[in-house]
Amino acid sequence: QVNVVESGGDSVQPGDSLRLSCGTSGRTASSSAMAWFRQAPGKEREFVCAIPWSGTKTYYADSLKGRFTCSRHNARNTVYLQMNSLKPEDTATYYCATKWTRWPQETPPQDAKEYNNWGQGTQVTVSS
């Protein structure tokens, strides 16, 4: 099975930047997409971004594209979430998840229910 661990969360001020990391270990499928979600207290878990196992395309929530960047390390079991110009409304627990896809370039879903493995989350707090 796959173990997923997020790191990099912190308490920052508006306008600051953060880089979150997600690493996986254990047995993985040969074709796995990885995604970031976030959840604020009392709100639904929402999609942030996703990257397939192979290919150059990355997928984003429309409201975050241009400010957040999802990327994959040369080691395919590691992804990053670069967050710039952080706002108080970005405050949430950020989760990394993986999905076993049928082929390497399959478009990752944006529904959290479709993902198979989840990390415990890392807290991002943006306040002055």
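The values are calculated or read from the model by the stated rules, or taken from the named source; none is laboratory data. What you see is a predicted model, and the numbers here were worked out from it, not measured in a lab. Cβ placement follows ideal geometry from the backbone for every residue including glycine, while neighbour counts extend to all protein chains displayed. All accessible areas refer to the heavy atoms of the entire protein, side chains included, with ligands and DNA or RNA removed. Shrake-Rupley method; radii C 1.70, N 1.55, O 1.52, S 1.80 Å.
Some observations on this one:
- Of residues in region 101-128 being assigned to a strand (DSSP E or B) and closer than 18 Å to V5 by Cβ, the one least open to solvent (accessible area, probe 1.4 Å): V124
- Test: N116 is touching a Lys or Arg at 6+ places or on another chain (Cβ under 6 Å) and either among the charged types (D, E, K, R) or touching a residue at least 24 places away in the same chain (Cβ under 8 Å) (or both): yes
- Elements of the type strands (runs of 3 or more DSSP E) sitting completely within region 16-87 and holding at least 1 residues that are open to solvent by less than 60 Å² (accessible area, probe 1.4 Å) and farther than 18 Å from Q110 by Cα: these cover 18-26, 78-83.
- Set G8, G42, G26, G15: member being closer than 17 Å to Q120 by Cβ and more than 16 Å from the chain's Cα centre (by Cα): G26
- Residue check for T56: out of contact with any Leu (no Cβ under 6 Å at 6 or more places or on another chain) and touching a residue at least 12 places away in the same chain (Cβ under 8 Å): no
- Test set (1) among the acidic types (D, E); (2) open to solvent by 30 Å² or more (accessible area, probe 1.4 Å); (3) not in a loop (DSSP other than H, G, I, E, B) - E6 fails condition number: (2)
- Picking from residues in region 68-116 that are charged (D, E, K, R) and modelled with pLDDT under 95, the one that is farthest from G26 (Cα to Cα) is E106.
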